[in-house]
Each structure stands twice: as C-alpha cells, then as structure tokens.
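Okay, structure first, notes after.
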Amino acid sequence: MNNATHALNPTHGVFSVARVEGVLFDIDDTLVDLNAASIQGFHHLTAEDFREVPESTREHVARDYADDGAGAYERYMAGELTFLGQRAERIRRAYALAGLESPPPEALGSWSARYEDMVQELWAPFPDVHDCLDALDALSISYGAVSNNVESYQRNKLRLAGLERIQVLVGSDTAGAPKPDPRPFHAGCTLLGTDIAATLYVGDNPVHDVQGANAAGLRGILLDRAADHKSDSAEILQNLGSLVSIIRGN
C-alpha cells in the first residue's frame, strides 16, 4: 500500500491517477448483466404457462420479475425471507400480474431450481468489463468486488461469467452485513490493501452502492447504464469505458 491519499475535484468529479489505489465494483448489473439473464430465463420458464398472455404483458411481467418489483430480495437481505422464499414471492407476483394462478407451493422449489440452471447458463459480463479491467491492470490499480449476495454464490457467478480474474471478493455473509453498511466496503479495501479514502466504489444502486460507499469513506461512482437515475452528482458513468478517463482526469 502506498501513502497516497484520495483527491476529488468537487466540480468535475475527477481523480488523479496517482491518488487512486484501488477500485471495488458491485457485481449484479454492474459487471454481470444479471437483468438480461433474468428476463431471458423467466421467458423460457414461463413460455408454456404464459402462452395466452399478450406479448406486451409478458415483457412487462418479465422485467418486473427481473427488477424485483415484489421487493422480496430486500426482505431476504434483512433476514425476513429465505433465498427460496424471496424467489417464491417474486414468482407469485409475476403470475398475479399476468392474471394467472401461480404454481402450487410444492412446485415452487422445482421452478426455482430450473430457473437457476437457466440463468447460470446466461450469466455474462457486459461488453465493457474486460476492457476496463485491462486498463486498470495497465495502470497497476488493484480491483475487486463487493456484493450484497453471499460470497460463494457470487464467486461462482464470476467464474461462470468468465471473470475469474477478479480474485478479491466480499459477500454480505463474509462481511457480516450487507451494503450500505460500511463493513463490506472496508473489508474490500482491506483485501485490496488500499487506503479507504483512495479507493473508488462503482455500482448501479444510488443508495446501497454510492451513498453507502461515500458514508464508508470511499468515493462512490454511480454506473447508470440505462440513464434512469435522477442525480445531481458529477460522478455518474453510463459505461465502464469512462472509468479510466475519470481516473486519468481527462
């Protein structure tokens, strides 16, 4: 670890490359296109049941499922639901939105297992991820990932998505708390061997990722690929190709 400290131009959100020691990333919908995999997997699993549902409705329901319109994952992270329980809540909501009766309780486990097999085959990085990591390697800037899912599950996701190069990984279980708690962010910095104030955190959630990172002493950067977050912050990227330009100060 060097003794460099973090500096930010508050007007332009620009870092000096000499003062950035490391970058931590969120995984889902930041590095791995989980949303696209979820939508494709959902369409595949519901093709028979939804055959009479209008196409526009099918697409709306699939996107709602992928975006967790049920708010079930937050309840899972809060310990209110099991992993299967949150998946079941999302399935029930999806079928209700389509005007259909959901699979019976005894079938939800099988549905979830088949869905999991499907999405795991579909997990893939966004096209800009490897180029961004290559550029960080060229700058000798360490990087890793901090996720609100469990570490073993996310490590397997990185492997299946072809991102084994990301060795530093912190899950909510290993950190003892999910984001926006500061512990996951600090654990990531410890594993990277970087000063907290000299570490960037890039994620797609304005609250869990950006506000959480800032409160923990890192510098949070919002990755807004769909340009659908309202924010006055200058630290917003629409793709990871811009990250190194921010670091360089260009």
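Annotation: region 94-214 has a Kirkwood hydrodynamic radius of 16.5 angstrom, from the mean reciprocal C-alpha pair distance.
DSSP assigns beta bridges within the chain; of those with both partners inside it, close to 10 percent run antiparallel.
Remark: the Ser242-Gln211 segment gains 9.1 nm on full extension, using 0.36 nm per residue and subtracting the alpha carbon distance. Estimated from the Cβ-Cβ distance and a Förster radius of 35 angstrom, the FRET efficiency linking Glu116 and Arg165 is about 0.90.
From its DSSP helices (H runs of at least four residues, each -39,500 (n - 2.57)), the chain gives a residue-normalised ellipticity at 222 nm of -13000 deg cm²/dmol. Relative to its residue count, region 143-214 spans a Cα convex hull of 76 Å³ per residue.
Computed over the chain, the P(r) curve from all C-alpha pair distances, binned at 5 Å from the origin, holds 1, 6, 13, 17, 18, 15, 11, 8, 5, 3, 2, 0, 0 percent per bin. Along the axis of the charge dipole computed for region 87-232 (Cβ charges of +1 for Lys and Arg, -1 for Asp and Glu, origin at the Cα centre), the listed residues Ser110, Tyr153, Thr199 are led at the positive end by Ser110. Computed about the Cα centre, the dipole magnitude for the chain is approximately 500 debye when only Lys and Arg (+1) and Asp and Glu (-1) carry charge, each at its Cβ. Residues whose amide H falls under 5 Å from that of Asn149, counting only those 5 or more places apart or on a different chain, are Ser172, with hydrogens built in the peptide plane. For region 71-186, a crude dipole built from +1 on the beta carbon of Lys and Arg and -1 on the beta carbon of Asp and Glu, taken about the Cα centre, is about 240 debye to the nearest 20. Largest mean-square fluctuation among Phe185, Phe25, Phe126, in a Gaussian network model of the chain whose springs join Cα atoms under 10 Å apart, belongs to Phe126. Using 0.36 nm per residue and subtracting the Cα-Cα separation, the extra length available between Glu59 and Ala78 on full extension is 3.9 nm.
Between Val119, Ile166, Tyr95, the Cα set farthest toward the positive side of the dipole of region 86-183 (charges on each charged residue's Cβ, about the Cα centre) is that of Tyr95. Of the accessible area of the chain, with the probe set at 1.4 angstrom, what percent is carbon plus sulfur? For the chain, the apolar C and S fraction of the accessible surface comes to 48 percent. Each 5 Å bin from zero up to the one holding the largest Cα-Cα distance in region 99-145 carries the following percent of pairs: 5, 15, 14, 12, 11, 9, 9, 9, 7, 6, 3. Each Cα pair under 8 Å and six or more residues apart adds its sequence gap; the mean of these over the residue count of region 64-220 is a relative contact order of 14 percent.
Using the 1.4 Å probe convention, the accessible area of region 102-250 works out to 44 Å² per residue with neighbouring protein chains retained.
The values are calculated or read from the model by the stated rules, or taken from the named source; none is laboratory data. Everything numeric here is computed off the predicted structure, so don't read it as measured data. As a convention, Cβ positions derive from the backbone with ideal geometry for all residues, glycine included, and neighbour counts pool all protein chains shown. Keep in mind that these areas ignore ligands, DNA and RNA; they rest on the heavy atoms of the full protein, side chains included. Shrake-Rupley method; radii C 1.70, N 1.55, O 1.52, S 1.80 Å.
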